[in-house]
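Below you'll find the structure I mean.
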Amino acid sequence: MIQNGPYNEKVMDHFRNPRNVGVLENPDGVGTAGNPVCGDIMEISIQVEDDVIKDVRFRTFGCGAAIATSSMVTELVKNKTIDEALAVSNRAVAKALGGLPPIKMHCSVLAEEALRSAIDDFRRRQGKP
Amino acid sequence: MDTKPIYLDHAATTPVAPEVIQAMLPFLEGAYGNASSLHSFGQEAKAAVEAARTRIASFMGARPEEIVFTSGGTESDNFIIKGIALSRRDRGNHLITSSIEHHAVLETCDFLRKQGVSVTLLPVDSNGLVDPDDVRKAITDKTILISIMHGNNEIGTIEPIAEIGSIAREHGVAFHTDAVQTFGHIPIDVDELKVDFLSASAHKLHGPKGVGLAYIRKGMKITPLLHGGDQEKRRRASTLNVPGIVGFGRAVELADASMHTESSRQSALRDRLIKGLLSSIGDTRLNGHPVRRLPNNANLSFAFVEGEGLLLSLDMEGIAVSTGSACTSSSLEPSHVLKAIGVPVELAHGSLRFTLGRDTTREDIDRVLQVMPGIVHRLRAMSPLVRKGAVS
Ligand code: FES
């Protein structure tokens with residue numbers, strides 16, 4: 001009904017049809033991040049083969065932007081190497097979504113942090129620093 | 001969108017009634033006079049303003065000269081609280097209010113606090129009620145004003161205004177109530193409520209935006225907020241908003257005619273909505289008083305999900321509501337009202353406010369009941385707060 005809601009069509013698409021929702025059965029790494037600003041939580045689990053993120057899932061308790069950025073970050077890192085994934089910044093996620101309202105930029109930080117935390121967990125399990 | 005949009009945000013604002021628009025039009029077209037002018041143009045405008053004033057005064061058991069027209073609820077709250085703080089400076093410097101007031105009251109008190117006025121913020125119970133006994137205990141010989149809202153805009157709780165009014169009188173302290181949410185929705189009589197000051201706004205009762213009133217009991221001295229011309233017996237300078245005031249008068253007339261049937265009709269729909277949501281969706285709670293609440297307000301928290309997601313999902317179904325979630329406030333703080341009644345932060349996050357209006361039908365409510373379980377379910381499936389199997 002509202003054509004000019006707070007978000008653009010791409011963000012709304014990811015909110016409506018989020019990609020890669022859920023938890024992996026046997027993850028190689030799981031990370032969570034909490035948003036200190038508004039108190040929301042994001043969780044990402046990854047499955048890694050030969051240093052490549054073969055599968056990824058997320059769950060988010062947060063606003064529309066938090067859900068859309070979680071969904072987008074999973075798309076951006078799927079089938080990427082760990083190093084490539086680490087290079088994905090919150091700005092890149094926001095940009096891939098065609099931009100976020102300024103007050104919602106902090107939500108994209110949550111996506112970046114949850115991903116990093118999942119990769120940290122993966123490395124810890126591998127015995128790497 | 002193939003279905004008709006459903007507006008359930010009447011506490012934010014209401015659609016202007018067609019009758020109100022009709023009443024206003026002549027004053028936007030031919031009858032453009034300034035109500036302060038002596039010629040016939042001015043006198044025509046003045047007569048219309050005074051007719052509205054008389055109409056509105058009688059609706060609330062007041063005298064016409066006790067009504068000062070303002071630009072809305074926020075101005076009325078500012079005018080009354082600042083005006084009393086200034087005019088009674090020599091008598092004291094203490095204000096009493098509650099922690100669940102509208103920001104127009106809370107921020108005004110906070111502003112005065114920074115100017116050296118002391119402010120007592122009374123707590124409320126888990127239903128949002130102020131305890132009149134707390135008011136009594138908070139009164140000191142320096143107290144110059146008590147300001148407690150009539151009906152809460154978020155959770156709908158109706159405060160015991162008459163009881164607090166009696167206490168205020170016993171102690172000779174002036175008493176203000178912000179009646180923005182109740183005016184035109186439940187009966188208001190300033191003598192029965194024992195209030196000295198009251199704020200109301202036209203756009204909450206199908207009137208236009210930008211017009212409201214401050215009721216000032218006869219004999220109460222108050223320092224104006226706006227200085228300038230002699231309008232409103234020198235209590236508020238500024239050219240009168242003639243079309244707005246005329247519209248306000250008409251809106252009150254319409255409210256007067258329909259209030260009794262509407263309040264019982266809306267209460268029944270409200271209860272249908274509350275019961276339906278509580279029974280069809282697990283881990284859901286009602287916020288605010290179960291019975292002492294505005295006829296049109298239902299405020300519920302849905303555990304494990306966030307309000308903005310709920311709001312956007314409902315909007316996609318053509319249903320407009322509001323939320324107390326931190327994510328949708330510009331400060332990213334959850335609602336101070338939900339906090340004050342002790343709703344845990346995560347639950348405050350997942351709160352929705354549905355506010356009904358004259359145009360709300362039973363079909364509208366049933367449509368909400370039909371789509372809500374699916375929406376909550378979808379968002380819960382995405383939520384890391386839901387442990388596997390915790391919520392079906
Ligand atoms: S997650 Fe709370 S504002 Fe985006």
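The values are calculated or read from the model by the stated rules, or taken from the named source; none is laboratory data. From a predicted model like this one, the values you see are computed outputs, not experimental measurements. Positions of Cβ are backbone-derived with ideal geometry, glycine not excepted, and every protein chain shown enters the neighbour counts. Accessible surface areas use protein heavy atoms only, side chains included; no ligands, DNA or RNA. Shrake-Rupley method; radii C 1.70, N 1.55, O 1.52, S 1.80 Å.
Separation of segment B:192-237 and segment A:25-53 by C-alpha centroid, Å?
First find each Cα centre; the distance between them is then 56 Å.
Working with all protein chains in place, sort A:VAL109, B:VAL291, B:VAL130 by solvent-accessible area computed with a 1.4 Å probe, largest first. Walk me through the intermediate numbers first.
Numbers: A:VAL109 50, B:VAL291 110, B:VAL130 5 Å².
Reading off the accessible areas and sorting them downward yields B:VAL291, A:VAL109, B:VAL130.
Take every residue in peptide B:320-331, count the Cβ atoms of other chains within 10 Å of its Cβ, and give the average of those counts. Walk me through the intermediate numbers first.
On the way: counts 2, 0, 0, 1, 0, 5, 7, 13, 5, 2, 1, 3.
Average neighbour count from other chains, rounded to a whole number: 3.
Follow-up question, since we're still on this one. Largest first, what is the accessible-area ranking of B:ASP189, B:ASP359, B:ASP90, A:ASP40 with a 1.4 Å probe? Please list the in-between numbers first.
Values: B:ASP189 45, B:ASP359 70, B:ASP90 140, A:ASP40 5 Å².
Order by accessible area, largest first: B:ASP90, B:ASP359, B:ASP189, A:ASP40.
Amide H neighbours of B:SER147 under 5 Å, at least 5 residues apart or on other chains, H built in the peptide plane: list them.
B:ILE96, B:THR97, B:HIS176
From the convex hull of the Cα coordinates of chain A, what is the mean projected area in square nanometres? Don't skip to the end; give the middle numbers.
Details: hull surface 30.4 nm².
Over every viewing direction, the Cα hull of chain A projects on average to 7.6 nm².
Can you run phi through the Karplus equation (6.51, -1.76, 1.60; θ = phi - 60°) for segment B:348-353 and list ³J(HN,Hα) in whole Hz, with x for Gly and Pro?
Calculated HN-Hα couplings, in order: 4, 4, x, 9, 10, 10 Hz.
Let me spell out the model: positive unit charges on the Cβ of Lys and Arg, negative unit charges on the Cβ of Asp and Glu, origin at the Cα centre of segment B:18-254. What dipole size does that give, in debye rounded to 20? It would help to have the intermediate numbers written out before the result.
Values: 25 positive and 29 negative charges, 173 e Å.
Using only the charged Cβ atoms, the result is roughly 840 debye.
Near the amide H of A:GLY29, under 5 Å away, which other amide H atoms are found, from residues 5 or more places off or on another chain, if H is placed in the peptide plane?
For A:GLY29, whose amide H was placed from the backbone, the distant partners under 5 Å are A:ILE46.
Further, regarding this structure: Greater than 19 Å separation of Cα atoms is the criterion. Which listed pairs, B:LYS137/B:LYS339; B:LYS204/B:LYS339; A:LYS104/B:LYS339; B:LYS46/B:LYS218; B:LYS194/B:LYS218; B:LYS194/B:LYS221, meet it? It would help to have the intermediate numbers written out before the result.
Details: B:LYS137/B:LYS339 23 Å; B:LYS204/B:LYS339 25 Å; A:LYS104/B:LYS339 23 Å; B:LYS46/B:LYS218 22 Å; B:LYS194/B:LYS218 13 Å; B:LYS194/B:LYS221 17 Å.
Among B:LYS137/B:LYS339; B:LYS204/B:LYS339; A:LYS104/B:LYS339; B:LYS46/B:LYS218; B:LYS194/B:LYS218; B:LYS194/B:LYS221, the Cα-Cα distance tops 19 Å for B:LYS137/B:LYS339; B:LYS204/B:LYS339; A:LYS104/B:LYS339; B:LYS46/B:LYS218.
Cα centroids of segment A:59-81 and segment B:61-80: how far apart, whole angstrom?
Between the Cα centres of segment A:59-81 and segment B:61-80 lies a distance of 50 Å.
Relative to the present Cα-Cα distance, how much length would full extension add between B:ASP315 and B:LEU86 at 0.36 nm per residue of separation? Intermediate results must be reported in sequence, preceding the final value.
Working: separation 229, 0.36 × 229 = 82.44 nm, distance 4.52 nm.
That pair, B:ASP315 and B:LEU86, stretches by 77.9 nm at full extension.
How high is the relative contact order of chain B, in percent, counting Cα pairs under 8 Å that sit 6 or more residues apart?
Details: 797 pairs, mean separation 83.6, N = 392.
Relative contact order comes out at 21 percent.
Please average, across the residues of A:8-21, the number of beta carbons from any other chain that are within 10 Å of each residue's own beta carbon, and give a whole number. Before the final figure, lay out the partial values.
Values: counts 0, 0, 0, 1, 3, 0, 0, 5, 4, 0, 3, 0, 0, 3.
Per-residue shielding by partner chains comes out at 1.
Still on this structure, I have one more. What does the accessible area of B:HIS103 come to, in Å² to the nearest 10, when a probe of 1.4 Å is used?
Accessible area of B:HIS103: about 100 Å².
Based on the alpha carbons, how large is the Rg to Rh ratio for the protein assembly as shown when Rh follows Kirkwood?
Values: Rg = 26.5 Å, Rh = 25.2 Å.
A ratio of 1.05.
Explain nothing, just the number: relative contact order of segment A:9-123, from Cα pairs under 8 Å at least 6 residues apart, as a whole percent.
Details: 232 pairs, mean separation 38.8, N = 115.
In percent, rounded to a whole number, it is 34.
What is the set of long-range amide H partners of B:SER351 at a cut-off below 5 Å, with H atoms built 1.01 Å from backbone N?
Placed amide hydrogens put B:PHE302, B:GLY307, B:GLY324, B:SER325 under 5 Å from B:SER351.
Let me ask something additional. How far is helix A:64-77 tilted, in degrees, relative to the longest principal axis of the Cα atoms in chain A, given as a value from 0 to 90 rounded to the nearest 10?
40 degrees
At what distance in nm do the modelled label points of B:VAL291 and A:GLU84 sit from each other, each positioned 7 Å from its Cα along Cα→Cβ?
6.6 nm
Another question about this same structure. With only Lys, Arg, Asp and Glu charged, each at its Cβ (+1 for the first two, -1 for the last two), find how big the charge dipole of segment B:320-377 is about the Cα centre; round to the nearest 20 debye.
Working: 5 positive and 6 negative charges, 20 e Å.
Dipole about the Cα centre, nearest 20: 100 debye.
Along Cα→Cβ, 7 Å out, is where each label goes; now give me the distance between the ones at B:ASP134 and B:HIS260 in nm to one decimal.
Distance between label points: 3.5 nm.
How big is the antiparallel share of DSSP beta bridges in segment A:9-123, given as a percent to the nearest 5? Don't skip to the end; give the middle numbers.
Details: 16 of 17 bridges.
Just about 95 percent of them are antiparallel.
Now for a different question. Give me a comma-separated list of calculated 3J(HN,Hα) values for segment B:138-147, in order, Karplus coefficients 6.51, -1.76, 1.60 applied at θ = phi - 60°, integers in Hz, x for any Gly or Pro.
So the Karplus estimates, Gly and Pro as x, are 7, 5, 10, 6, 9, 6, 10, 7, 10, 10 Hz.
Which value in nm describes the separation of the simple spin-label points at A:ASP120 and B:LYS221, placed 7 Å from the Cα toward the beta carbon?
The answer from the label model is 6.5 nm.
Show A:GLU112, B:GLU333, B:GLU317 ordered by accessible area, largest first, where the area counts protein heavy atoms only and the probe is 1.4 Å. Don't skip to the answer; put the middle values down first.
Numbers: A:GLU112 35, B:GLU333 100, B:GLU317 65 Å².
Solvent-accessible surface, decreasing: B:GLU333, B:GLU317, A:GLU112.
Provide the FRET efficiency to the nearest 0.05 for the A:VAL23-B:LEU278 pair, computing r from the beta carbons and using R0 = 25 Å.
Working: r = 29 Å, r/R0 = 1.16.
According to the calculation, E is roughly 0.30.
Another question, then. Determine the shielding of peptide A:56-62 by partner chains: average, over its residues, the number of Cβ atoms on other chains within 10 angstrom of each Cβ. Before the final figure, lay out each step's value.
Details: counts 0, 0, 2, 7, 7, 14, 11.
That works out to 6 on average.
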